[in-house]
4 protein chains.
Amino acid sequence: MKTQYSVGILGATGAVGQKFIRLLENHPWFTIKALGASERSAGKTYAEAANWIEAVPCPGTIKNMTVAACDPEFFKGIDFVFSGLDSSVATEVEGAFAAAGIPVISNAKNYRTGKYVPLLVPEVNPDHIHSIKQQTYDPSGKGFIVTNPNCVTVPLVMALKPLQEAFGINYVILTSMQAVSGAGYPGVPSLDIMGNIVPFISGEEPKIASEPLKLLGELQSDGTVKDASFPVQATAVRVPVLEGHLLSVSVSLKNKPASIEEVEAVWNNWKNPLAELNLPFAPEKPIVVTKEDRYPQPRLHSYDENGMRTTIGRARLTTITDLSFVALAHNTVRGAAGGAILNAELLVKEGYL
Amino acid sequence: MKTQYSVGILGATGAVGQKFIRLLENHPWFTIKALGASERSAGKTYAEAANWIEAVPCPGTIKNMTVAACDPEFFKGIDFVFSGLDSSVATEVEGAFAAAGIPVISNAKNYRTGKYVPLLVPEVNPDHIHSIKQQTYDPSGKGFIVTNPNCVTVPLVMALKPLQEAFGINYVILTSMQAVSGAGYPGVPSLDIMGNIVPFISGEEPKIASEPLKLLGELQSDGTVKDASFPVQATAVRVPVLEGHLLSVSVSLKNKPASIEEVEAVWNNWKNPLAELNLPFAPEKPIVVTKEDRYPQPRLHSYDENGMRTTIGRARLTTITDLSFVALAHNTVRGAAGGAILNAELLVKEGYL
Amino acid sequence: MKTQYSVGILGATGAVGQKFIRLLENHPWFTIKALGASERSAGKTYAEAANWIEAVPCPGTIKNMTVAACDPEFFKGIDFVFSGLDSSVATEVEGAFAAAGIPVISNAKNYRTGKYVPLLVPEVNPDHIHSIKQQTYDPSGKGFIVTNPNCVTVPLVMALKPLQEAFGINYVILTSMQAVSGAGYPGVPSLDIMGNIVPFISGEEPKIASEPLKLLGELQSDGTVKDASFPVQATAVRVPVLEGHLLSVSVSLKNKPASIEEVEAVWNNWKNPLAELNLPFAPEKPIVVTKEDRYPQPRLHSYDENGMRTTIGRARLTTITDLSFVALAHNTVRGAAGGAILNAELLVKEGYL
Amino acid sequence: MKTQYSVGILGATGAVGQKFIRLLENHPWFTIKALGASERSAGKTYAEAANWIEAVPCPGTIKNMTVAACDPEFFKGIDFVFSGLDSSVATEVEGAFAAAGIPVISNAKNYRTGKYVPLLVPEVNPDHIHSIKQQTYDPSGKGFIVTNPNCVTVPLVMALKPLQEAFGINYVILTSMQAVSGAGYPGVPSLDIMGNIVPFISGEEPKIASEPLKLLGELQSDGTVKDASFPVQATAVRVPVLEGHLLSVSVSLKNKPASIEEVEAVWNNWKNPLAELNLPFAPEKPIVVTKEDRYPQPRLHSYDENGMRTTIGRARLTTITDLSFVALAHNTVRGAAGGAILNAELLVKEGYL
């Protein structure tokens, strides 16, 4: 297995791009060799082009790299790229990279619904990566696109997958309380959110209603995915939290659990398909169930297992929907850059990179 | 109609007590003539005893009043008392005042489930006050107890009452995002809540599940209330907001609305039973429906109509539960001290005070 | 004295413009009859053009007014305008209005250093308004420009003026902890300031060093002002506060006070030159000295006297600089829109409007 | 050199105690073998006794340890203790441990002014540890007490020490903007500090005025320290920041620097006395000077070099005091638990432990 890769970051100066840079600093397989951003940034050093907002210093090797425009021309010799591009440009740019034979591991929403584009959470639907074979973005067969879902979808499907397997799901109702980092930088104005809640996030609820169905769907022999068929009803609000989305979830199950302990055992005993793969970014325990009522909390638990864990709490049987719980995951690590890195690691293991 | 009353405040130094003092400063009917607090505060001036936390100055007339212990002895000549007492002492103290012939308008939870104790939101169940006639706390018939509900329950029943009348209710699922002022002072430590969410508030969810049923129930001829019978399933979390609880609510209705406009018309055209009564604290519009997705917000709208209004937003028909919306009300005004004052005003109009 | 004026707001959709609209809602003399904003907003209703961020509702009469471009053409019949314009356009636009015979009461910095432009805090240097007579922006003599200072300067000169009169000032060292509302909207990104401090505000410190000297200077017979001559050394930082700038000030005095009580007496007994004028926005007590160590606080005291008061606390004699204290004022009321309105009121009284 | 030590934590359940536990988790020399707390906690497991507030999980080995009362009886076999005790009990308890022959490395203020007690910041005054030899708390000579200073004092003396050596210091004026974690847990109520500043911290300013003088003083041949003699004038305020104290400092120097570059060179070239010692907690660069105006920021830079670095920014020559700058350090790492650990490491190197 090849394990040394030269990677590029598209959208390198943005919030997700910065998280890619932070997370890849000491990655054992992937080394950043190219940084792509807008024309405005091209030609500058990264230190000049980016307003670094991470709470750890920007790696010194990155600071002095020159930022390029997001054109495959400037990414010769790069094995694949991570994309933190804005959705306003991702369709064109990511398509161009794939067509040029450079695989794109994307956090943007643009290709998530593509017929043969894996929408991937490695612990949940690892087999979906094989859709790649049907992709025709690059006639030579080398370039392709793989996506990770919306940041709320990740902890949601992590919590739902074991329930789907054990009980079957009728429907899901949730309220997602989302951190400001999800809106990028400059993102949410402080005057809007300090000591406040904004009860709407543009475009978010439809994604939460649809993406889990593809993730929890079944890969067909023709390379397409047959979506799961239960409805998901979401209210997404912005809260004054820096990192970590907290979801208040109620689920109606097809087969009724006899006790909350039975549900917790399902989560605790769930067989993680990545368990034997030794992927560097795979959390040892992708799901942890806490019994302490006051947990999980964004500030305390978002960075558990380097931000790659989903923590479930307050699980209880309820009269209307059978089951209610809260779930927390780091929105820009597990829900964005870290999830994309784990996707790339799985692609390496499976021989696609 | 008598309109000049000497009132006392029990629990005067606490967060709710301070809100009573602030709200009553220029009340046309009620003048504060006595302040009750713990033994520790008794004998001090109010300025000495209280750590004033309101964002407007403490009224000068109150500052120099001497705080008394919460004993009816020290409340001679007082027409009635408002109680912001802690639940650990409210059973005994409020009972003693009622027994001594001093009506108690209470914000504490202790007597809310009392067989003949009105749990009152004047716009929702004004007729329930007549339960008072069956109360026997004071053999002489002069003392009685009236309560207002939990702070989350108020905007919830304000939103549900018109729906109940127009469509009937099958069930309600909600997540309540609650401001720190709901926990009193010192209340929530800053280390727990700054930039964070705590997904549990002790004792809150059972109250949200039960109190709306009494409020939306029917007064029987024997003076008891027959509870409404639909289930309410709540997740209550603490958010870093100072004032204003925001509820994310999903409702299943017995009769299905044809459009969201039909639902909004039900709210907008709802006949407010207080409309003709000219109560000083009654909001002109107890319910307002906003069409702007980003509203209502705690910081912007909690103090609309002096904090006595409930604002509904993001109303939409949904696949699972028929209807979803958010609702906001000021937790310590509409949901506590202001609600209690409105209760007292209705009692005046109805001849009970 | 004419007391009914038709006024216009320049920069009406911005943060300061919104504060003008909020504060003028029930003004006894001034009625908003025209709203000016950028070309982008021109032609829209105010409700469409503005993203209202005040915590009280936008007045209904304003919501439906049509916004005009900031061209004097569209302000016929307007007696004068308040300007909350951005400094990038204020030089040209304010100059054009003055030239067209429409007096400009401006919050922008552009003309503050103008030779004959009053930089005015009515309690501090009311006589400076007579510089207007030398202005030549409008050959007809009708149009002129009057400015209010930077938001930090206001509480600073309010605190310094009595000290200057009583003791004389050698120098001033301060750290100003400034609220996010001072940066307008969208202003400070939440990712920059939640749970954080940014130790720099572009352009702020030079203004704090120079503006107090003009305000505390002396009007000369030729209509110019001779600046006061002591140095002011400032560090301006942004803090996660919504409204209210808090200043930590150390002052070296020419004549040494014998006790802190002597200093406090100077502040408490200071003769307010507006005391007899009955200006609607003049606070009864422009300076209040609090003896409670934990006061003043932005959240609790910024809106004292409708946001027009300066509160001084923690005054104490110190070894190095003689005197240290903290001072608080509302940055967008007293330090911006409210200060400009008070300026206009003084101009009315003095016959300039 | 012995490098394996069994250590105890006094005040283990408090905020500083938790930080000791977090920081010592993988310490190469020190292993926690005993936990001491109040009688109320004694006998419980640590997981039961402590309300864990750190943003990383409590180490599993600690969770199951049984908490003991703070009595030397229960600390047999412990080489030394770290104390995060509250000052209300530290005098007695720390004295008892020292008397029992167990060295105490304390974060409490109680013994800081002791005649022979080192008040120690290893980079600043490493030679002061030799005062220990004169201590008589333990007649056998084994037990002793070493203290670290107040959390504001640490970054202050780190910044001042090179200035003192290069220029000499006339006086220092500062405003310290202090994080809520400095007040421990539950500490500052959220209602006091969210979106607010409290301009007073009880007992803080006198410590900031006196402790730097001992730290920057000279060890005498009799084991006492002759304090430095310049005055320090501080205003300490509480801000809504979780971790990291930011100081706005102005310094008057005896010899005037010709340029700000000269000052920065003094800091950058300062010879760190720990440079060759390879102490595990010693930062590679204890002082870093940043040239970016908007830095340092508590959220971004408090954890630089594991929270052990002091970052200086905005350095500029000023008219009144010669030099102004801001300085940041992590208040509970560098300013408390981490500083104490570094003290212990130096004591190991110097043969005192």
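The values are calculated or read from the model by the stated rules, or taken from the named source; none is laboratory data. Because the structure is a prediction, the values reported are computed rather than measured. Glycine also receives a Cβ, built like all others from the backbone with ideal geometry; neighbour counts cover every protein chain displayed.
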Residue set C:Val124, C:Val81, C:Val89; condition in contact with a Cys (Cβ under 8 Å, 6 or more places away or on another chain) and more than 14 Å from every other protein chain (Cβ to nearest Cβ); output residue C:Val89
Of the listed residues (D:Ile169, D:Ile197, D:Ile201), the one being closer than 15 Å to D:Asn331 by Cβ and among the aliphatic types (A, V, I, L, M) is D:Ile201
Within the stretch B:283-303, residues being in contact with a Leu (Cβ under 9 Å, 6 or more places away or on another chain) and within 14 Å of chain A (Cβ to nearest Cβ) number 7
Open item on the list: When you scan the stretch C:94-113, do you find a residue that is out of contact with any strand residue (DSSP E or B) (no Cβ under 9 Å at 6 or more places or on another chain) and crowded, with 20+ Cβ neighbours inside 10 Å, even just one?
Closed with: no
Within the stretch B:54-78, of all residues that are touching a residue at least 40 places away in the same chain (Cβ under 8 Å) and buried (at least 18 other Cβ atoms within 10 Å of the Cβ), the one nearest to the other protein chains (Cβ to nearest Cβ) is B:Ile62
Scanning the stretch C:156-183 residue by residue, those within 14 Å of chain A (Cβ to nearest Cβ) and among the β-branched types (Val, Ile, Thr) turn out to be C:Val180
When every residue in the stretch D:235-245 that is outside any strand (DSSP E or B) and within 18 Å of the chain's Cα centre (by Cα) is compared, the one farthest from D:Pro118 (Cα to Cα) is D:Leu242
Going through the stretch A:152-173 in order, the residues found to be surrounded by fewer than 24 Cβ atoms within 10 Å (Cβ to Cβ), assigned to a helix (DSSP H, G or I) and among the polar types (S, T, N, Q) are A:Gln164
If we keep only residues of the stretch B:190-218 that are in contact (Cβ under 8 Å) with a residue 60 or more places away in the chain and of a type in the set (A, V, I, L, M), then the residue farthest from B:Ser131 (Cα to Cα) is B:Leu216
Residue hits (the stretch C:333-353; within 30 Å of D:Ala234 (Cβ to Cβ) and either modelled with pLDDT under 95 or in contact with a Cys (Cβ under 7 Å, 6 or more places away or on another chain) (or both)) are C:Gly335
Being at pLDDT 95 or above, under 18 Å from the mean Cα position of the chain (by Cα) and either farther than 20 Å from C:Gly339 by Cα or β-branched (Val, Ile, Thr) (or both) narrows C:Val93, C:Val124 down to just C:Val124
Filtering the stretch A:124-146 down to residues that are out of contact with any helix residue (DSSP H, G or I) (no Cβ under 7 Å at 6 or more places or on another chain) and part of a loop (DSSP other than H, G, I, E, B) yields A:Gln135, A:Thr136, A:Pro139, A:Ser140, A:Gly141, A:Lys142
Residue hits (the stretch B:193-234; within 14 Å of another protein chain (Cβ to nearest Cβ), assigned to a loop (DSSP other than H, G, I, E, B), surrounded by fewer than 22 Cβ atoms within 10 Å (Cβ to Cβ) and in contact with a Phe, Trp or Tyr (Cβ under 8 Å, 6 or more places away or on another chain)) are B:Phe230, B:Pro231
Across the stretch A:51-69, the tally of residues that are of a type in the set (Gly, Ala, Ser) and under 21 Å from A:Gly187 (Cα atoms) stands at 1
Pairing a residue in the stretch C:286-301 that is within 15 Å of C:Gly244 (Cα to Cα) with any residue that is surrounded by fewer than 21 Cβ atoms within 10 Å (Cβ to Cβ) and of a type in the set (Ser, Thr, Tyr), where Cβ atoms lie under 9 Å and the two sit 6 or more apart in sequence or on different chains, gives C:Pro296/C:Thr290; C:His301/C:Thr290; C:His301/C:Tyr295
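Restrict the check to the stretch A:263-281 and report whether at least one residue is polar (S, T, N, Q), within 14 Å of chain B (Cβ to nearest Cβ) and either in a strand (DSSP E or B) or at negative phi (or both).
No; the residues of the stretch A:263-281 include none that is polar (S, T, N, Q), within 14 Å of chain B (Cβ to nearest Cβ) and either in a strand (DSSP E or B) or at negative phi (or both).
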In the set A:Pro149, A:Pro186, the lone residue that is in contact with a strand residue (DSSP E or B) (Cβ under 9 Å, 6 or more places away or on another chain), more than 14 Å from every other protein chain (Cβ to nearest Cβ) and either outside any strand (DSSP E or B) or of a type in the set (Gly, Ala, Ser) (or both) is A:Pro149
Here the residues within the stretch D:324-352 that are under 15 Å from the mean Cα position of the chain (by Cα) and of a type in the set (Lys, Arg) are D:Arg334
D:Ser176 vs (1) assigned to a loop (DSSP other than H, G, I, E, B); (2) buried (at least 24 other Cβ atoms within 10 Å of the Cβ); (3) polar (S, T, N, Q): all pass except (1)
Subset of the stretch D:252-271, residues under 22 Å from the mean Cα position of the chain (by Cα) and buried (at least 17 other Cβ atoms within 10 Å of the Cβ), comes to D:Trp267, D:Trp270
Taking the stretch C:304-324 and keeping only residues that are of a type in the set (Ser, Thr, Tyr) and either in contact (Cβ under 8 Å) with a residue 60 or more places away in the chain or at the interface with chain D (Cβ under 7 Å from one of its Cβ atoms) (or both), one is left with C:Thr310, C:Thr318, C:Thr319, C:Thr321, C:Ser324
